[in-house]
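The values are calculated or read from the model by the stated rules, or taken from the named source; none is laboratory data. Just so you know, these numbers come straight off a predicted model, no measurement behind them. Every residue, glycine as well, gets a Cβ built from its backbone with ideal geometry; the counts of neighbours run over all protein chains shown. Side chains are part of the model used for accessible areas, which takes the heavy atoms of the whole protein and leaves out ligands, DNA and RNA. Shrake-Rupley method; radii C 1.70, N 1.55, O 1.52, S 1.80 Å.
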Amino acid sequence: MAVKTDSFTAPTKRRLATFWQPYTRVAMLSWLTGALVAAILEQLVGRPLAFMLGLGKVPVLFGLVIILKAPLLIPGVIVYVLLIYILPIGLIARLTTKLGNKLAAELLRYPMLVSTVVHLVLLYATLQIWGNINDYRNLVLRLTLISVLITLSLNVINGYMGEFSCSHPGFLALGAYGASAVTVSLFVNDNLFGPAVFTGNWGWIIFPFSLILGGIIAAIGSLVVAIPSFRTRGDYLAIISLAFTFIIKSFIENLEFVGGPRGLSSQPDWANLPTVFIWVVVGVWVINNFVRSTMGKALNAVRDDEIAADAMTVNTRRTKMVAFMFSAFWAGVGGGLFAHVLRYVNPSTFGIQKLAEVLAMVYFGGLNSVYGSIVGAVGFNLLSEALRPLEIFKWIIIPVLLILIMIFRPTGLVAFKEFDVHQIIAPKE
Amino acid sequence: MRKSHLLLLIALLLIATVAITACGSSGPQTIKIGINAPLTGDIPKVGEGTKFAAEMWLDDINKAGGLEVGGKKYQVELVIEDNESKADSATKANTKLITQDEVLAIVGPQSSKQAVPAGEVANNYKTPMVSPWSTNPNTTLNRPWVFRAAFLDPFQGVVDAKFISDEFGFTKAAVLYDVASDYPKGLADVFKKSWEDLHGAGSVVAFESFTTKDTDFSAQLTKIINSGAEVLFTPQYYNEVALIVQQAHELGWTGPIIGSDSWGSAETVKLCGSDCYGSFFSTHYAAAGATGATKEFIDRYNAKYGYVPDDVGALTWDSLNLLKQAIQDCGSITGDLGKDRQCVRDALANIKNFPGITGDMTFDEQGDPTKCAVIVKISDAGEFEFYKSACP
């Protein structure tokens, strides 16, 4: 990552490179297997090991949360992470390099879907087992996954289309309220909507529909921003979209039937890890296909030069409208999931603070990149959990980090990188 | 070469860990209490008040050599988590406190925006939680594990209506409130209802609203003055209170103006000046004219942190002492967290007439306290003076 190399760091770098060299040939299949084994290992021996190392209990989030509170535990945490995560994953990756590559090649003989599903199942199993250790970890995992979806959906507008849109909290609110209104009115004995219409286990079929409905409401709402965007760009669009966020917020504050400023609570507990995982995977897959399609390239063309794009037969109006509605749809789905994880929403959640958070994740991770959104959302969430004990200093460190990233990597950590599923799951030798 | 380096590193770390754990081996059993407070975000002053009150409380416990439960002294540890004044962060913090830090009970979060979702978490994990400041009914509704130390909005509306009728004998009232804000709106509705219960339908002669951040109220106030109202009730925050009271006097309003606990900020008098002198409001406690334990708390807080604590600090103090009382009532700490939490919850629910610094408290079946409100008069010196205690 370092840009310049001086005489002092060169040998270290070379040594690192030779150390890392065999790992470049490890297929994703082997990495995931390693991660799964590490998760199982933690399940089996995590507690006694943590106890032996004096940590008391299994460190959640790789010990990031406790090291700031009790710096004395740092060596213990490092040993734990080495023994449970790094060594097993590294060892298995090395040992199964050949086998993994062979299997990956074998899998690719079938339609790509088969191989993709195998990888996703491995990933899911890893996350599920890892998240089982502790409910706090599970919650952070779910909220992080939802952040990935929300960040990626904002990246469509701010990264791929190059507009500075501040309307995402509004879309989230529409989706959250849309989905909650359906589930709460149909399934919960609530003092706003009256007794439940359905009883029994209809949730698995209604919940997806309510999320999609939330997404559609957000998509329709996004037209309020999309249509003015035909004529305004840059700062002006930013102001219009910011106004949209405020309009939605005060609109909901005045809607008595969803609780007004008091908020809407007691959503059914349906957003568990598998549900969130499936939705986020579907979202990432659809958005990735969208941005790599002709439409996605049209977005890039509009970003680079709108007049030239128009001259080259790109229908810029349609492109903008589709992009806004598409992005808003997924933001709405993310908002719906968010509401069902927290099981409470109120209008003031979707204000400036939320906006700053999603924008930070997008620009931290990287514009115009699916990788970037994943890195941004995961990084930001982990960082924000890890630095929580610092209280007010957290809000000095995170902005300073953002400023540093803006100086050294103005487009974000992993910007302008294509997310090619085939390349990820293919054998590496 | 490479491998030996790695092994060496691991060996060194292992030795270091063992050495450290050997030194810091745990002594006597401790009781952990979680504090979920908005230390950063929109309302950092609230978080600060919470933290200061909690630290003062812990000091007392430590000075006494620990918390005595059933003849045995336990060390108390506070785990303070920042919820950034965000709903999702508050749920994360609560989940962490319960599952990771394994606290016995939680005090906080303060504002309803965080307390409602966090209460859900506490209730699901069967962990007692006391929210000192939240006034949204949903925080404790149908949640046997969640309690609060503040009285609810409806209660204040009833008390204010009763106080005005008893004190002045008026029959016609006017209300001016912010329609876009949760707290004033709820309170205004309740006040209207209880006033009309006392004096018949139509006795609230003017029920005027505005939206947050409005600064000109002359249209609404003119209507109110022309309606023949004898008293104006306005449950607003300090910045609006100053504007409303000043503009009302400019337009020729002469009757009393009554408010709610949102007036209870030092800023009210600073912004409003002599216009507010002689007004009344209902609140949790009054700093000036306080006596006994309340005065002692205020003086100590003031001496330590340099300012008079507001209601958040006082309510946090009461919440912590409620917990202390509950833990002591429990009789013994078994070390089995599930059992202890159940015991503390039951003890909390059974507390009768707890002498708090914000009034005597008894929890009803929803976990809301029945307690008396304090009516405060803003004196001619601009101080909040205890006027009388108003019970429902």
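With every protein chain in place and a 1.4 angstrom probe, the accessible-area ranking of B:Cys276, B:Cys372, largest first, reads B:Cys372, B:Cys276.
Normalising the average separation of contacting C-alpha pairs (under 8 angstrom, six or more residues apart) by the number of residues puts the relative contact order of the range A:12-118 at 38 percent. Please give the residues from the range A:135-168 for which the solvent-accessible area of heavy atoms, probe 1.4 Å, is smaller by at least 20 Å² with all protein chains in place than with the chain isolated. Listed by number, the residues meeting the 20 Å² cut-off are A:Asp135, A:Tyr136, A:Leu139, A:Leu143. Mean separation of Cα pairs under 8 Å and 6 or more residues apart, divided by the residue count, gives the range A:135-425 a relative contact order of 32 percent. I want the local charge near B:Gln75. Using Cβ-Cβ distances under 12 Å, sum +1 for each Lys or Arg and -1 for each Asp or Glu among the other residues. Here the count lands on +1. Relative to the longest principal axis of the Cα atoms of chain B, the long axis of helix B:2-23 makes an angle of roughly 70 degrees.
Restrict the search to the range B:81-144; then list the trypsin sites (Lys or Arg not before Pro) that DSSP places in a loop and that have at most 16 other Cβ atoms within 10 Å of their Cβ.
Working: sites: B:Lys86, B:Lys92, B:Lys96, B:Lys113, B:Lys126; in loops: B:Lys86, B:Lys126.
Passing sites in the range B:81-144 are B:Lys126.
Computed over the Cα atoms of the range A:1-138, the ratio of the radius of gyration to the Kirkwood radius (Rg/Rh) comes to 1.05. Taking Lys and Arg as +1 and Asp and Glu as -1, the other residues whose beta-carbon sits under 14 Å from that of A:Gln43 total +2.
Which angle from 0 to 90°, rounded to the nearest 10, does the C-alpha axis of helix A:135-155 make with the longest principal axis of chain A? So the inclination is approximately 60 degrees. Quick check on the protein assembly as shown: take the gyration tensor over C-alpha atoms, sort the square-rooted eigenvalues as a ≥ b ≥ c, and tell me if it's rounded (a/c under 1.5), prolate or oblate. Oblate shape, in that a/c is at least 1.5 and b/c is the bigger or equal ratio.
Can you show me the helix-derived [θ] at 222 nm for chain B, built from DSSP H runs with n ≥ 4 at -39,500 (n - 2.57) apiece and divided by the number of residues, rounded to the nearest 500. Before the final figure, lay out the partial values.
Details: 12 runs with 174 residues, N = 392.
My calculation for chain B gives -14500 deg cm²/dmol from helical runs alone.
Given a 1.4 Å probe and heavy atoms of the protein chains only, how would you sort B:Thr211, B:Thr91, largest accessible area at the top?
Working: B:Thr211 55, B:Thr91 5 Å².
Sorted by accessible area, descending: B:Thr211, B:Thr91.
Ordering A:Leu91, A:Leu123 by accessible surface, largest first, gives A:Leu91, A:Leu123; the 1.4 Å probe counts only protein heavy atoms, with every chain in place. Excluding same-chain neighbours fewer than eight residues apart, the lysines reachable from A:Lys394 by a Cα-Cα span under 20 Å are A:Lys69, A:Lys354, B:Lys45, B:Lys51, B:Lys86, B:Lys92, B:Lys96.
Where a ≥ b ≥ c are the square roots of the eigenvalues of the C-alpha gyration tensor, would you call the range A:337-406 rounded, which needs a/c under 1.5, or, failing that, prolate if a/b is larger than b/c, or oblate?
Values: a/c = 1.78, a/b = 1.22, b/c = 1.46.
Oblate, because a/c is 1.5 or more while a/b does not exceed b/c.
Between B:Thr212 and B:Cys391, the distance separating the two model label sites (each 7 Å from Cα on the Cα→Cβ line) works out to 3.7 nm. Our coupling estimate for the range B:198-210, obtained by passing each phi through the Karplus curve with A = 6.51, B = -1.76, C = 1.60 and θ = phi - 60°, is 7, 10, x, 4, x, 7, 8, 7, 9, 10, 9, 10, 8 Hz, Gly and Pro reported as x.
In chain A, the calculated helix contribution to ellipticity at 222 nm averages -22000 deg cm²/dmol per residue, counting -39,500 (n - 2.57) for every DSSP H run with n ≥ 4. A 1.4 Å probe, protein heavy atoms only, puts the accessible area of A:Met112 near 80 Å². Please say if the range A:191-286 is rounded, prolate or oblate, where rounded means a/c under 1.5 for a ≥ b ≥ c the square roots of the C-alpha gyration tensor eigenvalues, and otherwise the choice is prolate for a/b larger than b/c and oblate otherwise? Because a/c hits 1.5 or more and a/b fails to exceed b/c, the range A:191-286 counts as oblate.
Annotation: the antiparallel percentage among DSSP beta bridges lying fully within the protein assembly as shown is about 40.
Within the shell of other residues whose beta carbon sits under 13 angstrom from the beta carbon of B:Leu39, the net charge comes to -2, with Lys and Arg scored +1 and Asp and Glu -1. For A:Val281, the accessible area of its heavy atoms, probed at 1.4 Å with every protein chain present, is near 40 square angstrom.
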